[in-house]
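Reading through the structure tokens given below for one structure.
Every read-out reported here was derived from the displayed coordinates using simple, explicitly stated rules and does not represent laboratory data. What you see is a predicted model, and the numbers here were worked out from it, not measured in a lab. Virtual Cβ from ideal backbone geometry, glycine too; neighbours counted across all protein chains shown.
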Amino acid sequence: MSSQTGDQEMTPLLQVNALTKMYGPRIGCKDVSFDLYPGEVMGIVGESGSGKSTLLNAMAGHHPPDRGEVVFDTRADGPVDTLKMSEPERRMLGRTDWAFVHQHARDGLRMSVSAGGNIGERLMAVGGRHYGEIRTQAADWLGRVEISDSRIDDRPSAFSGGMQQRLQIARNLVTGPRLVFMDEPTGGLDVSVQARLLDLLRSLVREMGLSAIIVTHDLAVVRLLADRLMVMKDGHVVESGLTDQVLDDPQHAYTQLLVSSVLQV
Amino acid sequence: MSDYNFAYLDEQTKRMIRRAILKGLAVPGYQVPFASREMPMPYGWGTGGVQVSAATLTPDDTLKVIDQGADDTTNAVSIRKFFERTAGVATTEETTKASVIQTRHRIPEAELTEDQILVYQVPIPEPLRFLEPRETETRKMHSLEEYGLMHVKLYEDISQHGDIATSYAYPVKVEDRYVMDPSPIPKFDNPKLEMAAIQLFGAGREQRIYAVPPYTRVVSLDFEDYPFEATKADHPCDLCNSEDSYLDEVILDDAGSRMFVCSDTDYCRARRAEGHVGRLGETEGEAA
Amino acid sequence: MIELENVSKSFTLHNQGSAVIPVMERVNLAVAAGECVGLVGASGAGKSTLMRVIYGNYLAASGRVMVGDLDVAQAEPRQIIALRRDTLGYVSQFLRVVPRVAALDVVAEPLLAVGTPIEAARDKAASLLAELNIPERLWSLSPTTFSGGEQQRVNIARGFAYDYPALLLDEPTASLDAKNRATVLRLIEGAKARGAAIIGIFHDEAARDQVCDSFIDVSAFSPQVAA
């Protein structure tokens, strides 16, 4: 398949092989496999209980899966199974090449630390020791996520939900990660706020050449952001492919049901 | 002598504490848990320091005890008497004559030697505690050397106060590895943490012992553009005219007149004995 | 440039009693560089469907869909995305509007995607929008508020911003007045002249007679009714 355009030299950024997470007899997610290439955005959709969040957390290393591999193409050592990494290595990865945007900004921010401190923390965690430079970068990133830099010393508890989410994104992207995991990034936000956030994500992903894995139940989000789509039901991937193809020409019964259930306004 | 075992603690307890001390010396700055014993003084009165001193003392030692630099406060006096009674060791107020010095919240001004041991009393051993209340998390941060949060605290200080506001218990990095709380000594004393003597830290209530061996690298945390400064008041001591010692400010009367005197009483006395006189002082021989 | 070999397409509606709707079968066609082929046939015969199969938006049930060296029917998503970026353009009947993006940037996007500097991309976008008579005051606005005809012209401008080697045009002249229709036909002829392979659906007979070199009647691909 890949021999057609002669790109077999390109290594996948992330290779997930047979990832399985069980909760006793219940299936969290089962035998999920895919390759993600640099610059690709993958959407994972499904309803509650589909296993999409389980899958995301298993990939990101938050909950160890029961079986499978998550192989990431590290800068220093090439492809490495992140599940077998030592904890310090994995935590370092989580501060540099990987980022995780939580659904609730509170889970991804330090609410008692100023906006500038939140963004600067990752820089300081990888050795940043110049206050002026850290502050400049923080102010720059506030601008990029459309937060006025006059708020750099304010605590996130004083921000609106949309601003908190944008701050979370800035905090995650400041070290230039190559892979971003997002868990319902627009969940819980007002519709107009969602639109602004999605547009911001879209331009950041393109500008920075990010790869991303986005879990959502909202098909409009994947239509806008994702190149590829995986549809999950009861812990299994029932369909996957090009986003517009899966949404416009769904093959699986469940996908057809999902797509036809979306209300058009 | 008394009916107590030498220095109050039984031998097994002293062995346990010595093991913790050895571990602490082997891994400078690392907090070693130990089974803190019930002591005949309440928590918050130096039980950690007393246990470390008790395990360290031998009958030939000479002990000095200071509290905020002074030998004559209630605390210092009662701990010194405690060891006189339970260990029968010689005691002194002169820093240069002591082999073991137990201190609360100050490092003596006189430079310590390789023959001396400095024992600090520590209230809260965990430098990250105020940022991260979970013990499980702080242990992980130390073991994984994840100290970004420590610098976030300093960043917040600068952004709110224009400078790093911490003036005592200023965090340090030991041998480029562990971040340590040097106990509530003024930041003025931080440069002295690199010394020839052995430094032992005991926290009785929190049940931790840590240590800094002689000639260990101890660096106060800072930013490149906001470097650490060991500041002091720009007055000389009013009694002995010392320009380099840490001073206490003493209010003299209801009109608010004040004097600045060395917090290290022995240091001040020694200087006056050598003939140095400050604005308000008399030489040692003339004091009643 | 574009070559279909034995392609078939049907839809299976699982949630409606698994009804199978065959649309086309045994589709064979070829379009060379510089050639424009018009798809004709009754409404519902599958013209748009065929176009979407070529674009990869619909999944072919069988056969090969070659665009350049890539078999779209078998390709990986990233290969199709690269194809759509560098090789195959598509002007659909409807503009899918993204809120907050200005019309100028919508048109400039295909150029930005291939690495054109932003100034040059916007200049080209501006000239196309001007050619298609979109007033300059609208260029910085999102097309969400435009009329249907204006949205379609933005759509067309985007399709011609970058010189795609292959182009799929679904009703590009629908809802356009004579002046704009003439502009679009001129753009199509320009694309042909530089060697693009074009497949178009035109309801307007005069338009398709002007630009198309040959026609394919998609009714020929209708599935045989079971005897």
Mean residue ellipticity at 222 nm from the helices of the protein assembly as shown, using -39,500 (n - 2.57) per DSSP H segment of n ≥ 4 over the full residue count, to the nearest 500 deg cm²/dmol?
-> -10000 deg cm²/dmol
Could you tell me the largest-minus-smallest coordinate of the C-alpha atoms of region C:18-171 on each of the three principal axes, in descending order and whole angstroms?
-> 49, 32, 31
Work out the count of Lys pairs in chain B where the Cα-Cα distance is under 23 Å, with the pair 8 or more places apart or on different chains.
-> 22
In region A:1-90, the trypsin sites (Lys or Arg not before Pro) that fall in loop regions by DSSP, at most 13 other Cβ within 10 Å | A:75
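Which ordering of A:154, B:10 is given by a fewest-first count of other beta-carbon atoms within 10 Å?
Exposure proxy ranking, most exposed first: B:10, A:154.
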Shielding of A:245-256 by partners, i.e. mean partner chain Cβ atoms within 10 Å per residue?
-> 4
Where chymotrypsin sites (Phe, Trp or Tyr not before Pro) fall in DSSP loop in region B:181-288, at most 15 other Cβ within 10 Å = B:215
Residue-wise, which Karplus ³J(HN,Hα) couplings in Hz belong to region B:183-198, taking 6.51 cos²θ - 1.76 cosθ + 1.60, θ = phi - 60°, and x for glycine or proline?
-> 6, x, 7, x, 5, 3, 7, 3, x, 6, 4, 8, 9, 8, 8, 7
With label points built 7 Å along Cα→Cβ from the Cα atoms of residue B:217 and residue B:279, find their separation and express it in nm.
-> 4.2 nm
Could you estimate the translational diffusion coefficient of chain B from the Stokes-Einstein equation, with Rh from the Kirkwood formula over C-alpha pairs, at 37 °C and 0.692 mPa s, in whole µm²/s?
-> 165 µm²/s
Averaged over the residues of B:214-227, the number of partner chain Cβ atoms within 10 Å of each residue's own Cβ comes to 2
Relative intensity, log₁₀ I(q)/I(0), of the protein assembly as shown from a Debye sum that treats every alpha carbon as a point, q = 0.06, 0.10 Å⁻¹ = -0.56, -1.04
Which value in nm describes the separation of the simple spin-label points at residue B:78 and residue C:21, placed 7 Å from the Cα toward the beta carbon?
-> 9.0 nm
Please work out the FRET efficiency for the pair residue A:87 and residue A:146, using the Cβ-Cβ distance as r and a Förster radius of 35 Å; give the result to the nearest 0.05.
-> 0.50
Between residue A:66 and residue B:135, what is the FRET efficiency for a Förster distance of 25 Å, r being their Cβ-Cβ separation, to the nearest 0.05?
-> 0.25
Within straight-line cross-link reach of residue A:233, aspartates and glutamates at Cα separation under 12 Å, skipping those fewer than 8 residues along the same chain = A:47
Arrange the peptides C:35-41, B:89-95 so that the one whose residues have, on average, the most other Cβ atoms within 10 Å appears first.
-> C:35-41, B:89-95
Which value results for Rg/Rh of region C:104-227 when Rg is the Cα radius of gyration and Rh the Kirkwood radius based on the inverse mean 1/r?
-> 1.04
Quick one: if you take sqrt(5λ) for each eigenvalue of the C-alpha gyration tensor of region A:50-150, what semi-axes come out, biggest first, whole angstrom?
-> 29, 18, 11
Could you run the Karplus curve 6.51 cos²θ - 1.76 cosθ + 1.60 with θ = phi - 60° over region B:122-133 and give me ³J(HN,Hα) per residue in whole Hz, x for Gly and Pro?
-> 10, x, 10, x, 8, x, 8, 4, 6, 8, 9, x
Under the definition of partner shielding as Cβ atoms of other protein chains within 10 Å of a residue Cβ, what is the mean value for peptide A:91-98?
-> 1
Using only the alpha carbon atoms of region A:109-176, find the Kirkwood hydrodynamic radius as the inverse mean reciprocal pair distance, in angstroms to one decimal.
-> 11.4 Å
Among the lysines, select those whose C-alpha is under 27 Å from the C-alpha of residue C:124, and discard any that sit fewer than 8 residues away in the same chain.
-> C:179, C:192
In straight Cα distance, which lysines are under 16 Å from residue C:9, not counting same-chain residues fewer than 8 positions off?
-> C:47
Report the calculated FRET efficiency for residue A:192 and residue A:75 (r = Cβ-Cβ distance, R0 = 30 Å), to the nearest 0.05.
-> 0.15
Mean separation of Cα pairs under 8 Å and 6+ residues apart, divided by the residue count of region A:109-176: what relative contact order is that in percent?
-> 48 percent
Equivalent-ellipsoid semi-axes (√(5λ), Cα gyration tensor) for region C:95-163, whole Å, largest first?
-> 18, 12, 11
With a 10 Å radius around each residue's Cβ, average the other Cβ atoms per peptide and rank A:157-169, C:160-172, highest first.
-> C:160-172, A:157-169
Note on chain A, DSSP bridge orientation, antiparallel percent to nearest 5 equals 55 percent
Relative contact order (percent) for region C:95-163, with alpha-carbon contacts under 8 angstrom and 6 or more residues of separation?
-> 49 percent
Neighbour-count order for C:202, B:82, B:130, fewest beta carbons within 10 angstrom listed first = B:130, B:82, C:202
Degrees separating the helix A:191-208 axis from the principal Cα axis of chain A, which is the longest one = 90 degrees
Once normalised by the length of chain B, the mean sequence separation of its alpha carbon contacts under 8 Å that are 6 or more apart gives a contact order in percent of 20 percent
Determine, for A:141, C:139, the number of other Cβ atoms within 10 Å of each Cβ, and report the residues in order from fewest to most.
-> C:139, A:141
Filter the GluC sites (Glu not before Pro) in region B:242-280 to those in DSSP coil with at most 16 other Cβ atoms within 10 Å of their Cβ, and list the result.
-> B:243, B:274
Per GNM of chain C with C-alpha springs under 10 angstrom, the most fluctuating residue out of C:107, C:53, C:20 is C:20
